[in-house]
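Engineer: The structure that follows is given in the form of structure tokens.
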Amino acid sequence: MPASSEFADFVTDCLAPLGPVRAKRMFGGHGIFYDDRMFGLIFDDTLYLRVDDGNRPDFEAADLPAFTYAQRGREVTLPYHEAPAEALDDPDTLLDWAREALAAALRSPLS
């Protein structure tokens, strides 16, 4: 199921304290961007945040699954993990997780 624009608007409103955050429709979902850096992904009204070696342990400790999809009969995993459910109920918690995701995005080379 595609991500709803209402959920994307909710997420970007919550992340507004980070600065110029925007949602861009892509592939049946939304990418969450800070300037030209994608640090979040919304699919099926679920928020996923960018991970790398710097923040992956936090996501794994919270048992948050990676974003995967099927392509040509195989499973593809992207460097995004589901945001904690409680973060969507607490803007300060969401901002903490999003800051780490943005830091991960900034550490990765632009593609």
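The values are calculated or read from the model by the stated rules, or taken from the named source; none is laboratory data. Quick caveat, the model's predicted, so the values are computed rather than measured. With ideal geometry, Cβ positions are generated from the backbone for all residues, glycine too; neighbour counts draw on all protein chains shown. Each accessible area value is taken on the protein alone, full model and side chains, heavy atoms only, with ligands, DNA and RNA left out. Shrake-Rupley method; radii C 1.70, N 1.55, O 1.52, S 1.80 Å.
Engineer: Is it fair to say residue 23 is open to solvent by less than 60 Å² (accessible area, probe 1.4 Å), in contact with a helix residue (DSSP H, G or I) (Cβ under 6 Å, 6 or more places away or on another chain), assigned to a strand (DSSP E or B) and without any contact (Cβ under 8 Å) to a residue 60 or more places away in the chain? If you could, list the steps in order and put the result at the bottom.
Structural biologist: Working: open to solvent by less than 60 Å² (accessible area, probe 1.4 Å): yes; in contact with a helix residue (DSSP H, G or I) (Cβ under 6 Å, 6 or more places away or on another chain): yes; assigned to a strand (DSSP E or B): yes; without any contact (Cβ under 8 Å) to a residue 60 or more places away in the chain: yes.
Judged against the criteria, residue 23 is a match.
Engineer: May I ask you to list pairs of residues, at least six apart or on different chains, whose Cβ atoms are under 6 Å apart, with the first in the stretch 90-111 being under 17 Å from residue 78 (Cβ atoms) and the second being aromatic (Phe, Trp, Tyr) and open to solvent by 20 Å² or more (accessible area, probe 1.4 Å)?
Structural biologist: So the pair list comes out as 102/34.
Engineer: Then there is this: Pick out the one residue from 42, 32 that is surrounded by 11 or more Cβ atoms within 10 Å (Cβ to Cβ), touching a Leu at 6+ places or on another chain (Cβ under 8 Å) and within 15 Å of residue 8 (Cβ to Cβ).
Structural biologist: Details: 42 fails: touching a Leu at 6+ places or on another chain (Cβ under 8 Å).
Selected residue: 32, the only one of 42, 32 that is surrounded by 11 or more Cβ atoms within 10 Å (Cβ to Cβ), touching a Leu at 6+ places or on another chain (Cβ under 8 Å) and within 15 Å of residue 8 (Cβ to Cβ).
Engineer: Somewhere in the stretch 47-67, is a residue more than 18 Å from residue 21 (Cα to Cα), in contact with a Phe, Trp or Tyr (Cβ under 6 Å, 6 or more places away or on another chain) and open to solvent by 30 Å² or more (accessible area, probe 1.4 Å)?
Structural biologist: There is no residue in the stretch 47-67 that is more than 18 Å from residue 21 (Cα to Cα), in contact with a Phe, Trp or Tyr (Cβ under 6 Å, 6 or more places away or on another chain) and open to solvent by 30 Å² or more (accessible area, probe 1.4 Å).
Engineer: Take the residues of the stretch 28-63 that are assigned to a strand (DSSP E or B) and of a type in the set (Lys, Arg): which is modelled with the lowest pLDDT? Lay out the reasoning, then the answer.
Structural biologist: Of all residues in the stretch 28-63, those assigned to a strand (DSSP E or B) come to 29-34, 37-43, 46-50.
Of the ones still in play, those that are also of a type in the set (Lys, Arg) are 37, 50.
Numbers: 37: 94, 50: 98.
Result: 37.
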